[in-house]
Every structure is written in structure tokens, then in C-alpha cells.
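> Below are the C-alpha cells for one structure; questions will follow.
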Amino acid sequence: MKKTTKEYIFENKDLGKYEFTLDTSTFEPTQTTVSIIHSSLPLINCDSKILDLGCGCGIVSIILSKLIKKNLHFFASDISESVEEIVQKNAMRHNVNIVVKRSNIFEAWSNQKFDLIINDISGVSDKVAEISPWFNNIACETGPGGDILVKRVINESTKHLKKGGKLVFPIISFSNEDEIIDSASKVFSSVKLLRKDFWPTPKEMHDHLPLLNTLKQSGLISFEEKFGTIIGHTSVFEASL
Amino acid sequence: MKKENILQLIKEALDAENEINDDSSEENIPEWDSLGHLSILTALDEATGGKASAISDLSEATSVKKIFDIFEKEGIIE
């Protein structure tokens with residue numbers, strides 16, 4: 001199937017305005033992406049070797065490169081089939097150097113170690129994915145707790161971090177936050193919350209409140225009902241070896 | 001609460017460059033997007049001691065006029 005590209009404008013008061021090329025296989029940046037960029041900024045040192053995991057159009061690497069005027073070495077990967085073409089196009093457009101590979105999580109980075117791994121691969125409960133607009137009705141194989149992919153990233157990242165290295169990872173409240181934090185605490189010496197951002201859920205999910213409440217009561221997801229809407233959150237954590 | 005306090009609270013919640021007045025809404029204030037709206041509601045909730053979170057119409061109140069109308073109906077505006 002022929003892929004069509006589109007222009008995407010990212011604008012944020014603190015981070016600036018940027019234009020990116022996306023195609024049909026690229027996830028659009030979300031509020032989670034913004035939270036990750038804000039959280040990662042203070043963790044980057046001169047000469048850092050950084051892996052942007054689940055890089056999409058390359059937005060995290062590109063914005064961090066533009067904002068931090070230091071000698072950084074960015075590596076990026078995503079499972080989408082056009083990731084190399086899209087990220088290189090966006091990197092050239094913003095005059096940034098990124099080594100980009102198509103990869104299922106760490107597959108293409110065997111034997112490579114990084115100072116910082118910034119993970120933008122997250123998940124929500126597969127039951128929530130079915131009723132949300134986020135996955136365009138594509139099956140989301142993340143399990144009822146939405147934790148399968150994130151836990152895999154957490155466990156495998158320890159093999160790809162240098163001594164003293166850090167992993168930055170988000171948890172969406174429509175996944176099993178406690179289970180994911182517990183998993184990270186088992187393999188990292190320190191797991192620290194960096195920020196928590198709240199967001200209103202899309203209206204199409206409100207018709208499924210009984211299902212969401214059932215999942216919440218089972219401890220698989222969390223959310224708040226306030227102001228006549230459903231409010232979720234994204235937490236970003238720093239895990240250190 | 002006084003109306004002028006609500007206007008100031010909305011400006012601070014949005015970190016808006018422009019002044020907020022009776023005609024302000026998501027249509028004419030760039031910072032008033034869905035996340036900005038949630039910031040406004042959270043600030044209103046704190047200022048009203050938790051009364052705002054129980055008002056179900058507030059999620060749709062994306063203008064100063066609508067917020068004033070709801071708060072008048074609820075007896076929150078002095």
C-alpha cells in the first residue's frame with residue numbers, strides 16, 4: 001500500500017515550534033511525548049550517547065538536539081517500516097544528526113550501550129485500546145494491564161545502559177502503573193517520578209465508563225471522574241542502574 | 001468568588017499572554033486548548049474548595065461566559 005505523507009506542526013510555549021513530516025505508519029506525537037522531552041532535558045550531559053526508543057518521526061531527538069547545544073550523539077529506532085526515511089528527512093530539515101534504525105525495541109542495538117535511553121514506547125490496557133481512538137482499531141497486544149511492552153523495555157534496557165546510565169519511561173494511567181513500577185524496581189536501584197501530567201480523555205471513551213470502572217476496580221487502570229469528564233494522567237519516571 | 005478573581009485565575013491557569021475578559025473562550029485564546037481547559041478547571045476546583053469538581057457541566061464550559069453562568073447557577077459567584 002502506498003504511504004501518504006503529511007505535515008505536522010508541533011508548537012509548545014516552552015519547547016518552541018517545529019514542523020515534521022509524518023506518514024501513515026508514524027504515530028502522531030502526543031502529550032506523552034511532550035512530558036518525555038521536558039523530563040529528559042535536565043538529564044542530558046555533554047557527550048551523552050542517547051537512544052530514542054519508539055522515536056516515531058524523531059521528534060524527541062530533534063527537539064532535544066535543538067534545545068541542548070552540546071555535543072550529543074543521538075540514536076533512534078522505531079518498529080514502523082518507514083522510520084529510517086521519515087526520521088532522516090526530519091533530521092535533515094532541522095540540521096540535526098541522528099543514527100536511525102528500524103527495530104523492534106532493542107533488536108537492532110545488540111551490543112550497544114547508552115548513557116540515556118528515552119523510551120516513548122508505552123501501552124494501555126488492550127481492553128481500553130479497543131474503545132479508544134488512539135490505535136485506529138488496530139489490535140493492541142499489550143495485555144489487560146497494558147504493561148507487556150513497557151516491562152519488556154524496562155527489563156531489556158539494563159543490558160543497553162552504561163554504568164550509571166538512566167532510563168526515562170512514561171506510564172499511561174490506562175495501564176497497570178503499580179505492576180510496571182514494581183517491575184522497574186526489581187531491576188533498577190532507583191526509580192523516581194519526574195512529572196505527572198493530567199489530560200481529559202477523548203469523548204468517544206465516555207460511553208464505555210462501565211468497562212473503565214470494572215478495569216479500575218480490578219487495579220488494571222486508574223483515572224478520575226471530575227467536572228463531568230474522565231481524566232487520565234501520564235507519569236514519567238527516571239530509572240537508574 | 002468575585003468575577004475579577006475568576007478572570008485572573010483563568011489567565012494564570014493558562015499562562016495566557018492576552019488579557020482574559022468576559023468574551024474570552026477557546027475560540028480566541030490560543031492557550032485555551034483541552035489541556036489548558038483542564039488547568040482552568042483544576043484551578044477553579046482549588047479556589048472553590050473542591051466544589052467545582054462535582055459540577056458536571058464544567059467540562060463543556062469552554063468560555064468565560066459559560067463558566068460565569070454555571071457558577072452563578074451554583075451560587076459560587078458573589
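Every number in this text was worked out from the coordinates using simple rules, so none of it is lab data. Remember, it's a predicted structure, so these values are computed and weren't measured experimentally. Ideal geometry is used to build each Cβ from the backbone, glycine not excepted, and the neighbour counts take in all protein chains shown.
> With a 10 Å cut-off between alpha carbons and a GNM built on chain A, which of A:ASP78, A:ASP120, A:ASP47 moves the most?
In this elastic network of chain A, the residue with the biggest mean-square fluctuation among A:ASP78, A:ASP120, A:ASP47 is A:ASP47.
> Taking Cα pairs under 8 Å and at least six residues apart, what relative contact order does chain A come out at, in percent?
17 percent
> Which of the pairs A:LYS66/A:LYS203; A:LYS166/A:LYS216; A:LYS17/A:LYS196; A:LYS162/A:LYS186; A:LYS89/A:LYS196; A:LYS203/B:LYS3 have their Cα atoms more than 26 Å apart in this structure?
The pairs that break the limit, which is 26 Å between Cα atoms, are A:LYS66/A:LYS203; A:LYS166/A:LYS216; A:LYS89/A:LYS196; A:LYS203/B:LYS3.
> Another question about this same structure. Determine, from the Cβ-Cβ distance of A:LYS196 and A:LYS163 and an R0 of 41 Å, the FRET efficiency 1/(1 + (r/R0)^6), rounded to the nearest 0.05.
0.90
> A further question follows. For the stretch A:91-150, what is the per residue volume of the convex hull drawn over the alpha-carbon atoms, in cubic angstrom?
Here the figure is 132 Å³ per residue.
> Shifting gears a bit: Any chance you could run the full-extension gain for A:SER110 through A:SER240? It's 0.36 nm times the residue separation minus the Cα-Cα distance, nm to one decimal.
44.8 nm
> Place a label point 7 angstrom from the Cα of B:GLU72 along the Cα-to-Cβ direction, then list the residues of the stretch B:18-39 whose backbone nitrogen is under 14 Å away.
Under 14 Å, as judged by backbone N against the label point of B:GLU72, lie B:22-23 of the stretch B:18-39.
> Quick one: grab Rg to one decimal and Dmax as a whole number for chain B, Cα atoms only, in Å.
Computed over the Cα atoms of chain B, radius of gyration and Dmax are 11.1, 30 Å.
> By DSSP, what percent of the beta bridges with both residues in the stretch A:30-240 are antiparallel, rounded to the nearest 5?
Roughly 55 percent of the DSSP beta bridges within the stretch A:30-240 come out antiparallel.
> Right, here's the next one. Rounded to a whole number of µm²/s, how large is the Stokes-Einstein D of the protein assembly as shown at 4 °C and 1.567 mPa s, given Rh as the Kirkwood radius over C-alpha pairs?
In µm²/s, the coefficient is 61.
> Here's another thing I want to ask about it. If I model a spin label at B:SER56 and A:ASP14 as a point 7 Å from the Cα along the Cα→Cβ vector, what separation in nanometres do I get?
A separation of 3.5 nm, rounded to one decimal place.
> Estimate the FRET efficiency between A:GLU141 and A:ASP207 by the formula 1/(1 + (r/R0)^6), using the beta-carbon distance for r and 35 Å for R0, to the nearest 0.05.
It comes out at approximately 0.90.
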